[in-house]
Amino acid sequence: MSEISERVGGSKATLYGYFPSKEELFIACIREVSQEEAAAVRLAFAQAKTIREGLETFGLWRLKLAMTPGGFSVRQMIWSVGMRHIISKMFGDVDPAETTWGLVATELRKAMASGELRKADPWSAAQHFRGLLETEATDRYFFQYPTPVDDRTTETMALLAADVFMRAYGPDVGSANRKA
């Protein structure tokens, strides 16, 4: 808390007046990022003409956030905390449908109902898109690839994630439409 108060200015006592602990400050930061992501999901899909366009737009926004040192640091903190009670405090009072991936699942459900995507479990489909989108980005940071991540690379990753997703969930999937 001392370092934070030095960086932002003000006293540690003032900071503790707003946030009783580092944990509460961390939770507030994560909630704010989550609200920004929810707004980005809503905007991307509201402006998109197709589900693919919405996935591409949101995917690019998400990767641009995730591929920054700050974005990756937040993810590392969440992964390293590993305490369920903190995650519960962060999202316990939030409707799952209003979380980033709950909102994506809602958009996928709409696209499934309209025939733009094949019928499947929207939540699982959202998680599959998340995996396609984030794996390469996460590996680049986690394993410290020497290749820099520029806007072109980020855009390519987002477009490829949407492309692979559409190949799996698009209406012309053929054998994937059979029940397992």
Which of LEU15, LEU65, LEU43 is most accessible, then next, and so on - probe 1.4 Å:
LEU43, LEU65, LEU15
Can you tell me the length gained on complete extension of the stretch GLU53 to ARG31, counting 0.36 nm per residue apart and subtracting the Cα distance?
5.3 nm
Please find the FRET efficiency linking SER2 to GLU23, where r is the Cβ-Cβ separation and R0 is fixed at 25 Å, and quote it to the nearest 0.05.
0.95
So how exposed is GLU3, as accessible area in Å² (1.4 Å probe, rounded to 10)?
110 Å²
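Sorting ILE4, ILE30 by accessible area (1.4 Å probe), largest first, what list results? Spell out each step's value before the answer.
Values: ILE4 60, ILE30 10 Å².
Ranking ILE4, ILE30 by accessible area, largest first, yields ILE4, ILE30.
The values are calculated or read from the model by the stated rules, or taken from the named source; none is laboratory data. Small disclaimer: the values here were computed from a predicted structure and weren't measured. Glycine also receives a Cβ, built like all others from the backbone with ideal geometry; neighbour counts cover every protein chain displayed. Quick note on the areas: whole protein, heavy atoms, side chains included, nothing else; ligands and nucleic acids left out. Shrake-Rupley method; radii C 1.70, N 1.55, O 1.52, S 1.80 Å.
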